[in-house]
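Read the structure below first, then the notes.
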């Protein structure tokens, strides 16, 4: 089967996707699709299945509100064939995107149905793996995954309805889809980690972490100094978490609705889903910088930044939000 070369497809992906999360998701879906091709009797087309998986979210990072609508234009410009374009767009079938349009490209081929079913599920499995001591899919059992799937508060941004519809399209029991996708991710995890390390190598600065007596690696102190007037321009405020939810189609972003003492809700997006589930943060008292300019993220304006502490254990990043005494009122200023 003739199709775009894998090396060209990867470069095309990186042209429109810079965030490591989106690259990792693309590599994951690529590997899962190749695994499924071999399992379902399409081994000779495994690379083709993989390329569809690699390119399936090509438009999402830059055009989240036009997801699956902008993709044909980007793919056609690169000379990608109509078969891949149809397959890529079909994974959004029946979904209404941010601009208000509903994707009407229906999955027809078994490959397209697998992509539709597995794409959303890979996000849920990845989130579940991060909650494990090993941070890995390789020691995860089906029963553990099923518990996470049934817990609607867990990884709420992963649409269970889409996953269930995918299983129905394939005429599979849900357990079969869960089990096979888990096996596919476990089989490819090491390869994906290696590819991510190659694409996002640690910088020289990151290799200078200091190790304290407890064995925790921390960033070195800045050698440069900041004058007091510059520092004092940052407005640090106490905020209360009124609501928190995962951002759809993002494995790392949480959407916070905050009481900052002004009487008007403040929205902040923070890429900490690997460390916290949204439901455990509701009601918490946190610290934020509130006078940063709004930053568009996934089509949402994030108005500020929550403060957190980061350190490393055995090369693995750990993050803790700065949590304050609940008796401190929203809007209190930090001096």
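The values are calculated or read from the model by the stated rules, or taken from the named source; none is laboratory data. Everything quoted here is computed from the prediction, not taken from an experiment. Note: ideal-geometry Cβ built from the backbone for every residue, glycine included; neighbour counts use all protein chains shown.
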Could you list, in sequence order, all residues of the stretch 226-242 that are modelled with pLDDT of 80 or more, assigned to a loop (DSSP other than H, G, I, E, B) and over 30 Å from residue 277 (Cβ atoms)? 227, 233
Does residue 178 count as under 25 Å from residue 273 (Cβ atoms) and in the same structural domain as residue 57 (by TED's automatic domain parsing)? yes
Given the structure, is residue 198 assigned to a loop (DSSP other than H, G, I, E, B) and either under 27 Å from residue 134 (Cα atoms) or at pLDDT below 95 (or both)? no
Filter pass, residue 280 being over 16 Å from residue 240 (Cβ atoms), free of Cβ contacts under 8 Å to residues at least 12 places away in the same chain and surrounded by fewer than 17 Cβ atoms within 10 Å (Cβ to Cβ): no
Checked the stretch 128-153 for anything over 20 Å from residue 318 (Cα atoms) and touching a residue at least 60 places away in the same chain (Cβ under 8 Å); matches are 153
For the stretch 249-273, give me each residue that is within 30 Å of residue 59 (Cα to Cα) and surrounded by fewer than 18 Cβ atoms within 10 Å (Cβ to Cβ). 257, 267, 271
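Looking only at the stretch 128-148, count every residue that is surrounded by 21 or more Cβ atoms within 10 Å (Cβ to Cβ) and outside any loop (DSSP other than H, G, I, E, B) and tell me the total. Show your work before the answer.
Taking the stretch 128-148 and keeping what is surrounded by 21 or more Cβ atoms within 10 Å (Cβ to Cβ), we get 128-129, 137, 145.
Narrowing further to those that are outside any loop (DSSP other than H, G, I, E, B): 128-129, 145.
Count: 3.
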State which residue is surrounded by the most Cβ atoms within 10 Å (Cβ to Cβ) when the search covers only the stretch 287-324 and only residues that are more than 30 Å from residue 62 (Cβ to Cβ) and at pLDDT 95 or above. 287
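Looking only at the stretch 2-30, which residues are part of a helix (DSSP H, G or I), out of contact with any helix residue (DSSP H, G or I) (no Cβ under 8 Å at 6 or more places or on another chain) and within 21 Å of residue 120 (Cβ to Cβ)?
Here is the first cut: in the stretch 2-30, the residues part of a helix (DSSP H, G or I) are 6-16, 20-30.
Narrowing further to those that are out of contact with any helix residue (DSSP H, G or I) (no Cβ under 8 Å at 6 or more places or on another chain): 7-8, 11, 15, 21-22.
Listed by number, the residues that qualify are 21, 22.
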